[in-house]
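Enquirer: Sharing a structure, written as structure tokens. Questions coming.
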Amino acid sequence: HTVSLHSEPSLLHPEPLLRRLEHRRHNYYNIRDSFGSNFIHAITLVSRNIFLARSGTMSSGTLTPSIPSIRGWDTEQLIQHLQAKFTKFSHSAFNILREQQINGSEFLVLTKEDMVVDGMKHGPAIAFSEYIKELQAEGKRPRKFLSAE
């Protein structure tokens with residue numbers, strides 16, 4: 001798809017676009033300086049949560065994804081979510097999920113024993129199994145979803 005000057009008015013008159021970009025750049029540096037070394041991590045988490053909320057895959061008022069949305073996740077989406085939630089665990093716990101090709105549906109039926117047999121340390125295995133129980137309990141309650149914008 002090519003962009004012509006006539007199909008994109010901002011290319012003919014770029015000043016408003018440049019002003020918006022400069023304003024965003026200024027805000028970016030102010031936010032970065034406020035967060036310090038945690039800036040990238042904070043932006044990643046915020047961006048992901050905004051995306052999930054706008055796509056209707058997060059419940060209103062919480063950061064808990066819905067069971068149906070998790071069931072649709074592939075291995076990498078699952079791992080991305082778990083890494084954001086469980087930041088203290090090493091990559092080896094997540095790599096076991098990757099090596100075993102665990103997707104969202106399969107994750108929801110895993111037990112601590114399954115994960116330990118596959119080589120996961122007890123700490124992450126317990127945390128993941130407790131999280132699965134929380135998700136299942138949350139899935140049994142009536143839910144309201146944010147509408148997609």
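The values are calculated or read from the model by the stated rules, or taken from the named source; none is laboratory data. Keep in mind the model is a prediction, meaning the values are calculated, not measured. Quick reminder, even Gly has a Cβ in these numbers, built from the backbone with ideal geometry, and neighbours come from all protein chains shown. Please note that ligands, DNA and RNA were not included when accessible areas were found on the heavy atoms of the full protein model with its side chains. Shrake-Rupley method; radii C 1.70, N 1.55, O 1.52, S 1.80 Å.
Enquirer: Consider only pairs whose beta carbons are under 8 Å apart and that are at least six residues apart or on different chains; among these, list those whose first residue lies in segment 67-92 and is touching a residue at least 60 places away in the same chain (Cβ under 8 Å) and whose second residue is open to solvent by 20 Å² or more (accessible area, probe 1.4 Å).
Expert: I67/Q136; I67/E138; I67/G139; I70/S105
Enquirer: Go through segment 75-128 and give me each residue that's assigned to a helix (DSSP H, G or I) and polar (S, T, N, Q).
Expert: T75, Q77, Q80, Q83, S92, N95, S105
Enquirer: Among the numbered criteria (1) modelled with pLDDT of 95 or more; (2) open to solvent by 80 Å² or more (accessible area, probe 1.4 Å); (3) not hydrophobic (A, V, I, L, M, F, W, C), which one does R71 miss?
Expert: (1)
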